[in-house]
Amino acid sequence: PGLCVWEKQIGKRRIKSSLFVPIGTDARVIILEGAKGMEFRWAMQPVLGAREASSLLCRTEGRLFIAENPESYLENICFRAAVSLPSAIKCDFAPAAMEISGIADSVSVFVCGCCSSEELLSLCEPDNAFAALAASTQRWDAILSGFQVRSGNGAFDRYMNRWALYQTIACRLE
């Protein structure tokens, strides 16, 4: 709960991607492990609340990639993205799209969202990203441990005690 993990074997390397949303932060964090020296490409097409993204304005500010849509019905919304490897990044702006590419480190962190620049850049630091991941996991464990079903059917109990409860809280109540 609160975390998606993808693992893939590429040659002799085991690549792991962990994606989560930190507690109380309007951002998504992706931690990529085991891909040191490999090329990556991260492409996004933010729309930011308009019928079309043709009015999307993109720019960079230091390590931040920023997109705003002055025609958005969501006032003052600003999308930001950053990675933990600023010197290895190339950014190409196409109309209404952002593409970031570079060479991964042993741990690379990708963060995007509508939180403040300071929060976003802080989450790009691997130690901070791992700490936020641990806090998120602990939070979901604490929430979900407060409810237990014991039906005698192990599969049903696991579904009700974790997955169904998580889906209800995360998708309907949070």
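The values are calculated or read from the model by the stated rules, or taken from the named source; none is laboratory data. Predicted model, so just to flag it, every value in this text is computed and none were measured. Counting neighbours? That spans all protein chains shown, and the Cβs are built from the backbone with ideal geometry, glycine included. The area values use the complete protein model at the heavy-atom level, side chains included, leaving out ligands, DNA and RNA. Shrake-Rupley method; radii C 1.70, N 1.55, O 1.52, S 1.80 Å.
Data for the structure
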| quantity | calculated |
| --- | --- |
| Within the range 123-136, considering residues that are touching a strand residue (DSSP E or B) at 6+ places or on another chain (Cβ under 9 Å) and open to solvent by 50 Å² or more (accessible area, probe 1.4 Å), the one nearest to SER18 (Cα to Cα) | PHE130 |
| All positions within the range 36-54 that are touching a strand residue (DSSP E or B) at 6+ places or on another chain (Cβ under 9 Å), at pLDDT below 85 and over 23 Å from VAL21 (Cα atoms) | ALA53 |
| Whichever residue in the range 94-109 is of a type outside the set (A, V, I, L, M, F, W, C) and modelled with pLDDT under 85 and, among such residues, is farthest from LEU56 (Cα to Cα) | GLY102 |
| The range 96-122 residues that are over 20 Å from LYS36 (Cα atoms) and without any contact (Cβ under 8 Å) to a residue 12 or more places away in the chain, paired with ones that are open to solvent by 30 Å² or more (accessible area, probe 1.4 Å) and outside any strand (DSSP E or B) (beta carbon under 6 Å, 6 or more apart) | SER122/ASN128 |
| Total residues in the range 126-163, condition under 30 Å from THR60 (Cβ atoms) and either in contact with a helix residue (DSSP H, G or I) (Cβ under 9 Å, 6 or more places away or on another chain) or modelled with pLDDT under 90 (or both) | 3 |
| Near pairs, Cβ below 6 angstrom, 6+ apart or cross-chain, from the range 13-24 (without any contact (Cβ under 8 Å) to a residue 40 or more places away in the chain) to any residue that is in a strand (DSSP E or B) and surrounded by fewer than 17 Cβ atoms within 10 Å (Cβ to Cβ) | ILE15/LYS8; LYS16/GLU7; SER17/TRP6; LEU19/CYS4 |
| Unique match (being in a strand (DSSP E or B), at pLDDT below 85 and under 27 Å from VAL47 (Cα atoms)) among CYS91, CYS112 | CYS91 |
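For (1) in a helix (DSSP H, G or I); (2) out of contact with any Phe, Trp or Tyr (no Cβ under 8 Å at 6 or more places or on another chain), each residue gets a yes or a no:
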| site | (1), (2) |
| --- | --- |
| SER122 | yes, yes |
| ALA129 | yes, yes |
| ALA132 | yes, no |
| ASP141 | yes, yes |
| GLY152 | no, yes |
| ALA155 | yes, yes |
| TRP163 | yes, yes |
